[in-house]
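Trainee: This is the structure, below, for whatever I ask next.
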Amino acid sequence: MTSLDREIRTYNVLASMIVRGGGSVYGDHPNRALWDICGKSSLQWAIEAVKGSKYIDKIAVITESEEIKKVLRKIEGVTLIDRPLWTSLNMPRDYTQGIFERKKPRSLLSREASIYNREYEYTLYYLKQTEGFEPDIRISFSADSPLVTSQTFDRLIVKFFEDVFAGFAFCAYPISPGLVMINLKTGRPFRVFQKLSNRQECPQLFCMAGPYIYGLPSKLESVPLEGKEAFIEISAEEGWDIHNREDLFIANCYMKRRLLRERKEVKWEIGQDDKHKNKKGESK
């Protein structure tokens with residue numbers, strides 16, 4: 001175990017997710033988190049990846065969907081939190097004052113970091129009151145990104161700790177610079193880099209995808225919270241988001257290819273072991 005591993009393990013790391021189940025953001029696609037991908041729901045794939053991380057201590061999911069709750073109750077190691085309505089929350093009004101202002105330099109939540117999302121704030125309050133768990137670092141992940149692997153979660157956490165000034169760390173994959181946007185007023189398209197005659201002259205663009213970490217930057221209070229960001233590069237396959245049926249079809253193709261690739265690797269390893277045995281089954 002390296003010194004960085006030992007440092008990371010001194011922190012309580014929480015991975016949390018909000019699953020509304022209504023499909024309200026990207027149209028009428030209710031419970032996309034339960035869409036099937038190679039025999040498992042998108043939600044299950046996402047949670048399994050988190051559970052495979054060697055650094056994450058707690059997994060919490062906020063939802064108001066009864067269908068999703070039934071699935072989550074069958075998954076061990078996940079804290080299910082009913083999505084709260086703020087008019088009915090029984091939380092002290094001054095709860096955000098000084099919340100999680102740890103002595104640890106990379107601790108997650110000060111007041112500024114906690115109030116940006118009230119549902120996540122309630123998650124922290126709930127975990128402390130019911131389980132006595134107080135996270136230092138929070139990772140946000142989504143059921144819309146089921147192809148992210150456990151190794152990516154670990155790489156992201158390590159990157160966050162390696163960059164001592166980073167207050168935010170995320171995943172991204174490279175995309176082509178040949179982009180076109182639609183003017184919302186006129187409805188007409190225009191090229192983003194229309195001043196550049198050769199798209200090879202465009203800077204490399206990246207698309208944010210998958211999990212991200214939000215925390216305090218460092219011991220230096222003078223460093224702005226949003227002043228520094230760190231990122232790791234992932235493949236476009238791993239960063240694929242599911243928002244409609246077409247996305248689901250492509251995600252199934254990606255996952256089938258991954259499972260087939262993993263199956264071949266296992267067969268290859270078994271074959272290699274067999275070569276080192278004689279006819280009686282004994283090792284040479």
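Trainee: Checking Lys185 against (1) surrounded by 10 or more Cβ atoms within 10 Å (Cβ to Cβ); (2) assigned to a loop (DSSP other than H, G, I, E, B); (3) at pLDDT 75 or above; (4) not β-branched (Val, Ile, Thr): exactly one of these is not met. Which one?
Mentor: Looking at each condition in turn, Lys185 falls short on (1).
Trainee: Something else: Scan Arg9, Arg20, Arg32 and give me the residue that is among the basic types (Lys, Arg), within 18 Å of the chain's Cα centre (by Cα) and at pLDDT 80 or above. Please lay out each step first, then the result.
Mentor: Values: Arg9 fails: within 18 Å of the chain's Cα centre (by Cα); Arg20 fails: at pLDDT 80 or above.
Selected residue: Arg32, the only one of Arg9, Arg20, Arg32 that is among the basic types (Lys, Arg), within 18 Å of the chain's Cα centre (by Cα) and at pLDDT 80 or above.
Trainee: Here's another thing I want to ask about it. Do we have Glu162 as surrounded by fewer than 16 Cβ atoms within 10 Å (Cβ to Cβ), under 16 Å from Ile232 (Cβ atoms) and at pLDDT 80 or above here?
Mentor: Numbers: surrounded by fewer than 16 Cβ atoms within 10 Å (Cβ to Cβ): yes; under 16 Å from Ile232 (Cβ atoms): yes; at pLDDT 80 or above: yes.
Against the criterion (surrounded by fewer than 16 Cβ atoms within 10 Å (Cβ to Cβ), under 16 Å from Ile232 (Cβ atoms) and at pLDDT 80 or above), Glu162 qualifies.
Trainee: Anything in segment 122-142 that is part of a loop (DSSP other than H, G, I, E, B) and out of contact with any Lys or Arg (no Cβ under 7 Å at 6 or more places or on another chain)? List them, or say none.
Mentor: Taking segment 122-142 and keeping what is part of a loop (DSSP other than H, G, I, E, B), we get 132-136, 141-142.
Selection gives Gly132, Phe141, Ser142.
Trainee: For segment 176-185, state whether one or more residues are in contact with a Leu (Cβ under 8 Å, 6 or more places away or on another chain) and touching a residue at least 40 places away in the same chain (Cβ under 8 Å). I'd like the intermediate steps shown before the answer.
Mentor: Filtering segment 176-185 down to residues in contact with a Leu (Cβ under 8 Å, 6 or more places away or on another chain) leaves 176-177, 179.
Narrowing further to those that are touching a residue at least 40 places away in the same chain (Cβ under 8 Å): none.
No, the conditions are met nowhere in segment 176-185.
Trainee: Of everything in segment 40-66 that's at pLDDT 90 or above and among the charged types (D, E, K, R), which residue is nearest to Leu260 (Cα to Cα)?
Mentor: Lys40
Trainee: Do we find a residue being over 20 Å from Ala251 (Cβ atoms), touching an Asp or Glu at 6+ places or on another chain (Cβ under 7 Å), free of Cβ contacts under 8 Å to residues at least 60 places away in the same chain and charged (D, E, K, R) anywhere in segment 126-133? It would help to see each step written out before you state the result.
Mentor: Step one: of segment 126-133, the residues over 20 Å from Ala251 (Cβ atoms) are 126-133.
The next check asks that each one be touching an Asp or Glu at 6+ places or on another chain (Cβ under 7 Å); those that pass are 128.
Filter again for free of Cβ contacts under 8 Å to residues at least 60 places away in the same chain, leaving 128.
Then drop every residue that is not charged (D, E, K, R), which leaves 128.
Within segment 126-133 (the criterion being over 20 Å from Ala251 (Cβ atoms), touching an Asp or Glu at 6+ places or on another chain (Cβ under 7 Å), free of Cβ contacts under 8 Å to residues at least 60 places away in the same chain and charged (D, E, K, R)), the answer is yes, since at least one residue qualifies.
Trainee: Something else about it: Do we have Ile37 as of a type in the set (A, V, I, L, M, F, W, C) and either at pLDDT below 90 or touching a strand residue (DSSP E or B) at 6+ places or on another chain (Cβ under 9 Å) (or both) here?
Mentor: Against the criterion (of a type in the set (A, V, I, L, M, F, W, C) and either at pLDDT below 90 or touching a strand residue (DSSP E or B) at 6+ places or on another chain (Cβ under 9 Å) (or both)), Ile37 does not qualify.
Trainee: Here's another thing I want to ask about it. Out of the residues in segment 136-158 meeting the condition of being closer than 15 Å to Ala60 by Cβ and of a type in the set (S, T, N, Q), tell me which one is surrounded by the most Cβ atoms within 10 Å (Cβ to Cβ).
Mentor: Ser142
The values are calculated or read from the model by the stated rules, or taken from the named source; none is laboratory data. Quantities reported herein were computed from a predicted structural model and do not represent experimental measurements. Here the Cβ is made from the backbone with ideal geometry for all residues, glycine too, and neighbour counts use every protein chain on show.
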